Amino acid sequence: MKIRAAALSDRKELAHLSKVLGYPIEEEVLIEGLKRILAEEDHLLLVAEIGGKAVGMIEAQPYSTVYSAGRFFNVLGLVVDDQVQKQGVGGKLLSAIEEEARQRGMQGIRLNSNVKRHAAHRFYENHGYHSSHEQKRFIKEL
């Protein structure tokens, strides 16, 4: 297994992984988003590759606020293809983002997980994460 930066050539696998995560997206729409993200210097999008195919991905960007000391990575998404779950792919992706955070002098990793994703919660807890509070997310489309 190889962890590497995502590339435009990963678009088909990333579209599939987005669907696995619960966010189906047309490949054409994903291509535009992928181009934008890959151009952002601080934005991080890594894939786990097995046999030349992206089977997992993690996306994060720096996160800081006036009410907390230091900077964090905010994980925007972590997903592993159903066919390779329980094989350490997600853990390797988390480790890679944690190492990148250390190299950048960040204090930690922040992530949100839907209250219904109980298996994901156990996965994060097994990797040393803890829940600090529950919240609702509000979005206003413009």
Being open to solvent by 30 Å² or more (accessible area, probe 1.4 Å) and over 17 Å from residue 113 (Cβ atoms) is the filter; apply it to region 69-86 and report the residue that is farthest from the chain's Cα centre (by Cα). 69
Only listed residue being open to solvent by 30 Å² or more (accessible area, probe 1.4 Å), among the charged types (D, E, K, R) and either assigned to a strand (DSSP E or B) or in contact with a Ser or Thr (Cβ under 8 Å, 6 or more places away or on another chain) (or both), chosen from 36, 4: 4
Which of the residues belonging to region 40-92 are in a loop (DSSP other than H, G, I, E, B) and within 16 Å of residue 3 (Cβ to Cβ)? 51, 52, 81, 87, 88
Just for region 7-33: of the residues that are hydroxyl-bearing (Ser, Thr, Tyr) and over 20 Å from residue 97 (Cα atoms), which one is surrounded by the most Cβ atoms within 10 Å (Cβ to Cβ)? 23
Within the group 89, 66, which residue is surrounded by 14 or more Cβ atoms within 10 Å (Cβ to Cβ) and within 23 Å of residue 129 (Cα to Cα)? 89
Within the bounds of region 100-121, is there any residue that is among the aliphatic types (A, V, I, L, M), open to solvent by less than 90 Å² (accessible area, probe 1.4 Å), farther than 21 Å from residue 45 by Cβ and part of a helix (DSSP H, G or I)? yes
Go through the residues of region 64-71 one by one and say whether even a single one is touching a helix residue (DSSP H, G or I) at 6+ places or on another chain (Cβ under 8 Å) and more than 13 Å from residue 98 (Cα to Cα). no
Of all residues in region 45-63 being among the aliphatic types (A, V, I, L, M) and more than 13 Å from the chain's Cα centre (by Cα), which is surrounded by the most Cβ atoms within 10 Å (Cβ to Cβ)? 54
Here are some residues: 100, 134. Which one is farther than 29 Å from residue 16 by Cβ and of a type in the set (Asp, Glu)? 134
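The values are calculated or read from the model by the stated rules, or taken from the named source; none is laboratory data. Computed from a predicted structure; not experimentally measured. All Cβ positions, glycine included, derive from the backbone under ideal geometry; neighbour counts span all protein chains shown. Quick note on the areas: whole protein, heavy atoms, side chains included, nothing else; ligands and nucleic acids left out. Shrake-Rupley method; radii C 1.70, N 1.55, O 1.52, S 1.80 Å.
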